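Undergrad: Before anything else, here's the structure in question.
The values are calculated or read from the model by the stated rules, or taken from the named source; none is laboratory data. Since the model is a prediction, treat every value here as computed from it, not as a measurement. Cβ placement follows ideal geometry from the backbone for every residue including glycine, while neighbour counts extend to all protein chains displayed.
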Amino acid sequence: MAQGPRDSASRPLFLGPRIKRLRRELGLTQQAMAEDLGISPSYVALIERNQRPLTADILLRLARSYKLDMGELAADERDDYAQRLSAMLKDPIFADIDLTTLEIADIATSFPGVAEAMLRLHGAYAREQQALAGLREGAVSDPAADAVGEARRFMTRTRNHFPTLDARAESLAEDIARAGGQIEWLRRLGVRVRFLPGDVMMGALRRYDRHGEQLLLDDTLSATARQWQIALHIAYTAMRAEIAALVRGESFAGQTAAQLVRRALAAYAASAMIMPYDRFARAVEARGYDIEALSGLFGTSFEQVAHRLTTLGRAGQEGVPFFFIRVDAAGNVSKRLDGAGFPFAAHGGGCPLWNLHQAFRKPGEVLTQWLDLPDGQRFFSIARTVTSGGGAHDRPTALRAIALTCTAEHAPRLVYARDTANPPVPTPIGMTCRLCNRAECTARAEPPLGRDILPDDYRRIAAPFAFAES
């Protein structure tokens with residue numbers, strides 16, 4: 001006969017997933033944790049797989065070794081998982097599945113990892129259903145579901161310029177220089193910087209060990225990447241108040257958008273520390289916006305300099321307003337900042353005639369191009385591929401392309417556009433095929449909205465479609 005649930009106080013404590021998360025957060029291998037706790041690595045593995053319960057003695061050793069609150073660590077998640085699973089299973093999609101309370105409790109108790117996976121999957125499904133319902137009804141979908149778009153709109157609205165962050169970053173940069181560099185500056189604050197192998201870091205490039213007061217970095221990072229990761233840590237800690245004030249002053253639809261904005265502001269602050277506004281702005285004008293030269297001067301990557309160029313909005317010391325975009329080979333946009341009023345389509349593919357998409361054919365080479373928009377606006381574009389990732393044999397490298405675009409009136413300030421002896425013919429482009437009425441374009445993928453397609457049974461032109469005049 002089946003037995004009912006036992007009293008929670010007498011149940012064995014299975015906290016495998018939580019112990020595994022804790023170990024990873026601390027940057028420890030199973031061997032290292034076993035040595036700290038005085039048990040074998042195989043026993044740690046059994047605990048993490050919920051094949052052995054967590055005894056009171058081991059719980060006490062964990063609390064002492066890693067300065068943790070024992071009550072919080074011992075809190076049993078099973079009842080919470082069981083309640084959340086029960087609520088999830090009330091969804092009509094599960095109506096024909098008869099799961100008893102005991103079965104749900106067994107899943108929560110014996111397979112907490114599976115329970116968490118089910119809850120995440122159902123959460124993603126529910127959000128997608130809400131978005132589709134909004135589209136079917138012609139309504140605006142939940143703004144919280146478009147956290148990335150909301151964060152991008154915030155950066156566009158502020159013109160990607162934050163004077164309080166620039167001022168604080170300049171002050172920090174001076175302090176860091178006087179201390180002899182980032183690592184020495186952190187050491188004076190009691191924080192030690194350590195470089196560890198990738199298997200010890202377990203996929204993390206940077207991790208802060210709060211208990212040991214150590215900033216841990218992957219030892220395969222390049223000098224540029226090391227500088228950037230340390231600057232990010234300083235931004236998140238020394239500039240926390242300034243970043244929090246900017247986020248607090250906005251009303252976001254959801255917490256995810258606020259977190260994305262916070263991350264963007266930390267990256268802005270890190271960039272401002274490495275490339276302080278006044279010194280960077282003077283170097284930019286002296287070098288004619290030569291991105292490669294500026295990269296060498298400040299010890300930064302091509303993309304970091306390109307991104308910093310979009311932030312020069314200080315009154316009396318303004319830089320060229322740029323539109324910045326980063327895409328992958330499939331055209332997916334992973335970053336976009338608009339400071340030049342460039343009419344980029346928020347949805348749909350971009351124009352294939354723009355050199356941004358051709359940069360993949362010539363990796364590492366700077367491509368320039370004059371652009372003519374259908375409404376008569378003229379822009380100048382700089383494009384080049386950039387890479388991220390890599391650093392070891394088994395680490396993949398991501399190849400993307402970035403473009404900086406400014407209006408034609410600002411182009412003469414750029415070293416890339418100063419050869420005016422034989423000005424090139426501008427390339428006619430559009431935002432996207434569905435919004436471009438250049439009937440003669442042979443690169444067109446779709447007809448424009450509102451134009452009737454003419455039959456071509458007896459006549460074929462070079463362009464994919466022929467259109468009626470009205």
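Undergrad: Hey, which of the helices (runs of 4 or more DSSP H) in the stretch 216-300, taking only ones fully inside, have at least 2 residues that are buried (at least 19 other Cβ atoms within 10 Å of the Cβ) and over 21 Å from the mean Cα position of the chain (by Cα)?
TA: Values: elements: 223-238, 240-248, 255-274, 277-286, 291-298.
Once the helices (runs of 4 or more DSSP H) in the stretch 216-300 are filtered for at least 2 residues that are buried (at least 19 other Cβ atoms within 10 Å of the Cβ) and over 21 Å from the mean Cα position of the chain (by Cα), what remains is 277-286, 291-298.
Undergrad: Among what's in the stretch 429-444 and is without any contact (Cβ under 8 Å) to a residue 40 or more places away in the chain and over 20 Å from Trp370 (Cβ atoms), pick the residue that is surrounded by the fewest Cβ atoms within 10 Å (Cβ to Cβ).
TA: Per the stated criteria, the residue is Ala439.
Undergrad: For the stretch 365-379, give me each residue that is at pLDDT below 95 and not in a strand (DSSP E or B).
TA: Leu373, Pro374, Asp375, Gly376, Gln377
Undergrad: Which pairs have Cβ atoms under 6 Å, sit 6 or more apart or on different chains, and link a residue in the stretch 445-470 that is at pLDDT below 75 to one that is loosely packed, with under 15 Cβ neighbours inside 10 Å and aromatic (Phe, Trp, Tyr)?
TA: none
Undergrad: Checking Trp228 against (1) modelled with pLDDT under 95; (2) farther than 22 Å from Ser65 by Cα; (3) aromatic (Phe, Trp, Tyr): exactly one of these is not met. Which one?
TA: (1)
Each row is one residue, and each column tells you yes or no for (1) at pLDDT below 85; (2) in a helix (DSSP H, G or I); (3) within 12 Å of Ile19 (Cβ to Cβ).
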residue	(1), (2), (3)
Ser42	no, yes, no
Ala45	no, yes, yes
Asn50	yes, no, yes
Leu54	yes, no, yes
Leu59	no, yes, yes
Leu68	yes, no, yes
Glu72	yes, yes, no
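Undergrad: Name every residue in the stretch 21-33 that is surrounded by fewer than 18 Cβ atoms within 10 Å (Cβ to Cβ) and in contact with a helix residue (DSSP H, G or I) (Cβ under 7 Å, 6 or more places away or on another chain), in order of residue number.
TA: Correct list: Thr29, Gln30, Gln31.
Undergrad: Could you list, in sequence order, the residues of the stretch 311-336 that are within 18 Å of Leu371 (Cβ to Cβ) and either modelled with pLDDT under 90 or in a loop (DSSP other than H, G, I, E, B) (or both)?
TA: Scanning the stretch 311-336 gives Val320, Pro321, Phe322, Gly331, Val333, Arg336.
Undergrad: Within the set of pairs 6+ apart or on separate chains, which have a first residue in the stretch 172-183 that is closer than 19 Å to Thr224 by Cα, a second that is of a type in the set (Lys, Arg) and not in a helix (DSSP H, G or I), and C-beta atoms under 9 Å apart?
TA: Taking only residues 6 or more apart or on different chains, the pairs are Ile183/Arg192.
Undergrad: Here is a further query. Across the stretch 170-215, what is the total count of residues that are more than 25 Å from the chain's Cα centre (by Cα), surrounded by fewer than 17 Cβ atoms within 10 Å (Cβ to Cβ) and over 18 Å from Ala269 (Cα atoms)?
TA: The total comes to 12.
Undergrad: For the list (1) in contact (Cβ under 8 Å) with a residue 40 or more places away in the chain; (2) touching a Ser or Thr at 6+ places or on another chain (Cβ under 8 Å), I need the number of the one condition that Val366 fails.
TA: It is condition (2) that Val366 fails.
Undergrad: Let me ask another. Working only within the stretch 93-120, note down all residues that are of a type outside the set (A, V, I, L, M) and either at pLDDT 75 or above or over 35 Å from the mean Cα position of the chain (by Cα) (or both). Lay out the reasoning, then the answer.
TA: Here is the first cut: in the stretch 93-120, the ones of a type outside the set (A, V, I, L, M) are 94, 96, 98, 100-101, 103, 106, 109-113, 116, 120.
Matches in the stretch 93-120: Phe94, Asp96, Asp98, Thr100, Thr101, Glu103, Asp106, Phe111, Glu116, Arg120.
Undergrad: Then there's this: Do we have Arg308 as among the basic types (Lys, Arg) and out of contact with any helix residue (DSSP H, G or I) (no Cβ under 8 Å at 6 or more places or on another chain) here?
TA: Answer is no for this residue.
Undergrad: Output the qualifying pairs, or none if there are none: Cβ atoms under 8 angstrom, residues six or more apart or on different chains, first residue in the stretch 225-254 and polar (S, T, N, Q), second residue assigned to a helix (DSSP H, G or I).
TA: Gln227/Gln182; Gln227/Ile274
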